[in-house]
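The values are calculated or read from the model by the stated rules, or taken from the named source; none is laboratory data. Just so it is clear, the structure is predicted and the values come from calculations on it, not from any experiment. FYI the Cβ positions are ideal-geometry reconstructions off the backbone, even for glycines, and counts take in every protein chain you see. SASA here: full protein model, heavy atoms, side chains in, ligands and nucleic acids out. Shrake-Rupley method; radii C 1.70, N 1.55, O 1.52, S 1.80 Å.
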Amino acid sequence: MELPTSGANHIINEDFDTSSHLAHARKQAIERNYKDFLIVDVDCHHYETERFAEIIEYIEDPILKQLAKSAQRTGKTLMARREGHQDMGGRVLRYPMRKTEKTPPGQDRDAALSHRYMNAFGVDYAVLFPTAMLSLGLHPQPEFEVSLAWAYNRWLVERVLADNQPRIKSLLYLPFNDPEASYEMVKAFAGKPGVVGFMVTTVRYKPVHDNVYMKVYRLMEEHNLPLAFHAGFNSADRSFEQANRFITVHALGFTFYNMLNIFNWVVNGLPERFPKLKVIWLESGLAWLPFCMQRMDNEYMMRSSECPALKKLPSEYITDMFYGCQPMEMTANSEMLEQTFKFIKADTQLLYASDYPHWDFDAPSVIYDLPFLNESQKRAILGGNAQRVFNLPFTEKLAKI
């Protein structure tokens, strides 16, 4: 296989293998004795577009199915486009090479690949998300988002999250552009094998506090199923048209959309309306949270009349919610990170997230090697907190390290 890199093109004849690719992560797992405790990855991904032909068959609308098949044949995409250079100019070789990886016959390919990374990392349970579909909230035709969400979720539950894959879970994609369809989706999939909650991509232009969504939140609360907000970026947003480098769009985009939504979630009193609904914010790192806590509290003290539903400071609601750690800001100043952990009550609210196989993934060692955490805190963040959020059973180590 010929791969373009930053230098001359390279031809690689060897088959790609996830286990070999993550040999260093596996060494870390052995050295740190991950075999002794539970590890849950609350945010990992697969590339659903690689199996799009299968997903298309689950689309019920014949016209949309035909359009999807036509797009598949011509190499086009039904997703909203997001420009970027996440492969670092061809240097992240697993992006093109993973398509050549062989999996055992009779096993679901995505499940097999997921288990390989999980065993290398020492992960017992993984919460699987799509990749391209994270931009689907910007699709100009809401009916496409609804149809693809139904098709993807049915395919995922029936083909990947089957009973014989108990280690793989998912927060199913909600087509948030259609509140009624989102409500029906929760009704249809709550209780299905492997479904531990639901997810909304925050790169969209729908206010989370709109009354049309209240019955969706109530239904999830009644089922004791978490709601996750998964961030992303949008280089086509007018604000980001000024950015001439992907690093700017990525660094700001993944925080901006979650920041906007968490502000709206809190100031409109949704934590008071749904006190038992567990809310998770994913793929924004952690540095944005102290800013939100300080900024929101400061504004609230001056304009509390605009937030009549709140019974405590906004920052106190923020520390009641849960957060995926990736991409954790590993800078030279560890004191800033340590204070952030204290501010957000990481002992009980922080969840380990890898974002594997994306370019900026975090292995469990990013948590385990932090010098300011004791053993109990490390184990809580790496698995114990997620076990509580998702009600996961655990009696013995599931990962084959």
ask   = Condition test on E60, is it open to solvent by 80 Å² or more (accessible area, probe 1.4 Å) and at pLDDT 90 or above?
value = yes
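Condition check ((1) touching a residue at least 24 places away in the same chain (Cβ under 8 Å); (2) surrounded by 16 or more Cβ atoms within 10 Å (Cβ to Cβ)) across all residues:
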| residue | (1), (2) |
| --- | --- |
| A251 | no, yes |
| R273 | yes, no |
| K276 | yes, no |
| V279 | yes, yes |
| P290 | yes, yes |
| Y317 | yes, yes |
| K342 | no, no |
request  = Could you run through the stretch 298-313 and say how many residues are part of a helix (DSSP H, G or I) and surrounded by 15 or more Cβ atoms within 10 Å (Cβ to Cβ)?
outcome  = 2
request  = Six or more apart or on different chains, Cβ under 7 Å: which pairs go from a residue in the stretch 139-156 that's open to solvent by 10 Å² or more (accessible area, probe 1.4 Å) to one that's at pLDDT 95 or above and not in a helix (DSSP H, G or I)? Could you list them?
outcome  = P142/N177; P142/D178; V146/P175; V146/D178; R154/Y58
request  = With the condition kept exactly as written, say whether any residue in the stretch 197-206 is modelled with pLDDT under 95 and open to solvent by 30 Å² or more (accessible area, probe 1.4 Å).
outcome  = yes
Subset of the stretch 125-138 [in a helix (DSSP H, G or I) and open to solvent by less than 20 Å² (accessible area, probe 1.4 Å)] = M133, L134, S135, L136, G137
Subset of the stretch 33-50 [surrounded by fewer than 17 Cβ atoms within 10 Å (Cβ to Cβ) and closer than 20 Å to V146 by Cβ] = T49
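Determine which member of the set F229, F256, F233 is part of a helix (DSSP H, G or I) and either under 22 Å from L136 (Cα atoms) or free of Cβ contacts under 8 Å to residues at least 12 places away in the same chain (or both).
Only one candidate qualifies: F256.
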query = Can you find a residue in the stretch 69-89 that is at pLDDT 95 or above, touching a Phe, Trp or Tyr at 6+ places or on another chain (Cβ under 9 Å) and of a type in the set (D, E, K, R)?
reply = no
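With the requirement that a residue be among the aliphatic types (A, V, I, L, M) and in contact (Cβ under 8 Å) with a residue 24 or more places away in the chain, what does the stretch 26-64 give you?
Of everything in the stretch 26-64, those that are among the aliphatic types (A, V, I, L, M) and in contact (Cβ under 8 Å) with a residue 24 or more places away in the chain turn out to be A29, I30, L38, I39, V40, V42, I55, I56, I59, L64.
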request  = Go through (1) of a type outside the set (V, I, T); (2) free of Cβ contacts under 8 Å to residues at least 60 places away in the same chain; (3) farther than 15 Å from L138 by Cβ and name the single condition K169 misses.
outcome  = (2)
ask   = Under 6 Å by Cβ, and 6 or more places apart or on different chains, what pairs join a residue from the stretch 182-193 that is over 14 Å from L171 (Cα atoms) with one that is buried (at least 22 other Cβ atoms within 10 Å of the Cβ) and of a type outside the set (F, W, Y)?
value = Y183/V216
request  = Output yes when any residue across the stretch 267-284 is of a type in the set (K, R) and over 19 Å from the mean Cα position of the chain (by Cα), and no when none is.
outcome  = yes
message = With the requirement that a residue be farther than 22 Å from I318 by Cα, at pLDDT 95 or above and open to solvent by less than 40 Å² (accessible area, probe 1.4 Å), what does the stretch 358-374 give you?
response = D362, A363, P364, S365, V366, Y368, L370
inquiry  = Within the stretch 159-190, take every residue that is at pLDDT below 95 and surrounded by fewer than 17 Cβ atoms within 10 Å (Cβ to Cβ) and give me the one that is farthest from L113 (Cα to Cα).
reply    = D163
request  = Please state which one of D347, D360 is assigned to a helix (DSSP H, G or I), within 22 Å of the chain's Cα centre (by Cα) and touching a residue at least 12 places away in the same chain (Cβ under 8 Å).
outcome  = D347
ask   = Out of curiosity, is N177 in a loop (DSSP other than H, G, I, E, B) and touching a residue at least 12 places away in the same chain (Cβ under 8 Å)?
value = yes
message = Which count do you get for residues in the stretch 228-242 that are open to solvent by 30 Å² or more (accessible area, probe 1.4 Å) and of a type in the set (A, V, I, L, M)?
response = 1
ask   = When only residues in the stretch 344-357 that are open to solvent by less than 10 Å² (accessible area, probe 1.4 Å) and in contact with an Asp or Glu (Cβ under 9 Å, 6 or more places away or on another chain) count, which is farthest from Y117 (Cα to Cα)?
value = L351
note = Quick count over the stretch 375-401, residues being open to solvent by less than 60 Å² (accessible area, probe 1.4 Å), of a type outside the set (S, T, N, Q) and touching a residue at least 24 places away in the same chain (Cβ under 8 Å), is 13
